[in-house]
């Protein structure tokens, strides 16, 4: 059995977990405070929420990320994970992502895989989580490593390329054999929060009268559970730099404008830098002014399609092989003694 912790921010962590779990030989249990998806057929452990409006010492003086003192939800959450580990004796625990969940599993003697994130992870909490991990799972290509990591992190990192629920999914039949028309902009803002306002979108649409604009997610727009057909018909997709959003655009092989949003540790800006360095997408650090949009859309359409560099199509299979191999590995013996 493998335990797989799924963070509740957005939907990307859950989509990735389901993709990877489908490629693992061992049974996989997902643990999350997200609603259980209807399509998930494996074991699921619901976790209570641990949010707090006024948390007390939630970083343990800078050593961790979220351990608020005297918080019932947090205590119940950690207790439920611990109880599942005690009862199921998992061969491996995957954290995507929580330093606290990874540390708890390792304290209970379970090998840990941590889903790596781009950005500055040199804070005390990330150093703890990455150091104790048996492996780091990096869903980006090895040719675009995250700079500045210590050598021992690189040594245990498996770069899978991006992982998307749409990898190798056939394009809709209506779009399969016709060239993409230059005309539709699809804005994909996702469920993790957005910095873009409805006024920003209206101004951009007014400045590009030859284009129609479709908005998925974000304030005032309907949530689309399966945007694949819309991505495939788009002339250009405009999105943030979250791992899942970029992976879905890459799987669709669609011209993309990436505008990173502010996230902890500069994660999205780091991803955007990598995309710019590889000339995979048109990148702007902030939402462009209305007058910039005509040239920006033309730039995106003219860029050679190179998404296979980021998205080889077998990222989930590579991750699944890693977890299967680690779960089957016998316990390592060292010369250390208990303290």
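Among the residues of segment 15-55, write down those that are surrounded by 18 or more Cβ atoms within 10 Å (Cβ to Cβ), assigned to a loop (DSSP other than H, G, I, E, B) and under 19 Å from the mean Cα position of the chain (by Cα).
Within segment 15-55, 23, 24, 34 meet the criteria.
Here is a list of conditions, (1) in contact with a helix residue (DSSP H, G or I) (Cβ under 7 Å, 6 or more places away or on another chain); (2) surrounded by fewer than 18 Cβ atoms within 10 Å (Cβ to Cβ); (3) not in a helix (DSSP H, G or I), and residue 225 meets all of them except one; can you say which number that is?
Failed condition: (1).
Just checking, how many residues over segment 16-40 are modelled with pLDDT of 95 or more and closer than 23 Å to residue 326 by Cβ?
Residues that pass the stated criteria total 16.
In segment 195-222, which residue that is in contact with a helix residue (DSSP H, G or I) (Cβ under 9 Å, 6 or more places away or on another chain) and within 26 Å of residue 38 (Cα to Cα) is surrounded by the most Cβ atoms within 10 Å (Cβ to Cβ)?
218
Looking at the structure I just gave you, is residue 284 touching a strand residue (DSSP E or B) at 6+ places or on another chain (Cβ under 8 Å) and over 16 Å from residue 138 (Cβ atoms)?
On the way: touching a strand residue (DSSP E or B) at 6+ places or on another chain (Cβ under 8 Å): yes; over 16 Å from residue 138 (Cβ atoms): yes.
Judged against the criteria, residue 284 is a match.
From the set of residues in segment 269-291 that are in contact (Cβ under 8 Å) with a residue 40 or more places away in the chain and in a helix (DSSP H, G or I), which is nearest to residue 148 (Cα to Cα)?
In this case the residue turns out to be 270.
Just name the residue that is nearest to residue 283 (Cα to Cα) out of those in segment 233-260 that are more than 21 Å from the chain's Cα centre (by Cα) and crowded, with 22+ Cβ neighbours inside 10 Å.
This residue is 236.
So, in segment 103-133, of the ones that are outside any helix (DSSP H, G or I), out of contact with any strand residue (DSSP E or B) (no Cβ under 6 Å at 6 or more places or on another chain) and in contact (Cβ under 8 Å) with a residue 24 or more places away in the chain, which residue ends up surrounded by the most Cβ atoms within 10 Å (Cβ to Cβ)?
Applying the first criterion (outside any helix (DSSP H, G or I)) to segment 103-133 yields 108-123, 133.
With out of contact with any strand residue (DSSP E or B) (no Cβ under 6 Å at 6 or more places or on another chain) added as a condition, the list becomes 108-109, 117-123.
Now restrict to residues that are in contact (Cβ under 8 Å) with a residue 24 or more places away in the chain: 108, 117-123.
Values: 108: 14, 117: 21, 118: 25, 119: 16, 120: 14, 121: 21, 122: 12, 123: 16.
Going through the qualifying residues, I end up with 118.
The values are calculated or read from the model by the stated rules, or taken from the named source; none is laboratory data. Just so it is clear, the structure is predicted and the values come from calculations on it, not from any experiment. For neighbour counting, all protein chains shown are included, and Cβ atoms are generated from backbone atoms with ideal geometry for every residue, glycine included.
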